[in-house]
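Since every read-out is calculated from the coordinates, none of them should be taken as a lab result. Note that this is a predicted model, so its numbers are computed, not measured. Here the Cβ positions follow ideal geometry from the backbone for every residue, glycine too, while neighbour counts run over all protein chains shown.
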Amino acid sequence: MITFDFQPDTVILGGGTYPMHPIPQTLLQNAPRVQCCDGAAQEFIARGNTPWRIIGDGDSMSDEIRLQFADRIRIFAEQETNDQTKNVMYARDHGAKRIAIVGATGRREDHTIGNISLLTEYNKMGLEVRIYTDNGMFVICNGTTSFGVKPGTQISIFNWKARNFSSEGLRYKLFDFDALWMGTLNEATQNVVTINAEGVYIVYVNYL
């Protein structure tokens, strides 16, 4: 059963809009390890926090941070992956299996779409990764998945080549769709929503 509650091994702070909602803020505050994409470190540190690691290609760090946190910085200059993925791979290589990403959205829409779609790649790595925004949560799903929610919660489903969709507890019944927008703007009608499918899909659950 998936709910908003999550106890990740690592929280990654991206370079999008700094999280202000209590749910992603609590994840940051309670994280055993916080990794910052290099462009996100400045504000995180300015708010009185100390990252466990600062990871990226190194193009967005001030000289002050480079000097003060030299022992925590890990530079990966290759451009085959973005800073979010560099952080996910570093967390994985240091034992993390459950990862929450905050600050992945906002500012640039192309980055937002790319960051969310990368959940499918992290799923292939065998990781449980969620993205928390100031409005809701994105979670990768494979097969039948149930969500504990309140009636009235807004839910969207984005298909990634899954098939044989059906659902329980949604206002609009699911069917096999292949356009990303066709599974959006649904709503929970009961406390448990179950999505049945064969394959991978991404679910967005709005904070009620």
Per DSSP, the loop-located GluC sites (Glu not before Pro) within region 1-81 having at most 15 other beta carbons within 10 Å are GLU78, GLU80
Square roots of five times the C-alpha gyration tensor eigenvalues of region 7-57, ordered largest first and given in whole Å, equal 15, 13, 10
Computed D for the chain, Stokes-Einstein, Kirkwood radius over alpha-carbon pairs, 20 °C, 1.002 mPa s, to the nearest µm² per second, is 122 µm²/s
Taking Lys and Arg as +1 and Asp and Glu as -1, residues besides GLN79 with C-beta under 12 Å from its C-beta add up to -4
Most exposed to least, judged by fewest other Cβ atoms within 10 Å, ARG47, ARG130, ARG33, ARG171 sort to ARG47, ARG171, ARG33, ARG130
Distribution output for region 143-206: share of Cα-Cα pairs per 5 Å bin in percent, first bin at 0, values 4, 21, 35, 27, 11, 2
Taking ILE23, ILE113, ILE140 and counting other beta carbon atoms within 10 angstrom, the fewest-first order is ILE113, ILE23, ILE140
Quarter of the surface of the C-alpha convex hull for region 4-114, i.e. direction-averaged projected area in nm², equals 6.9 nm²
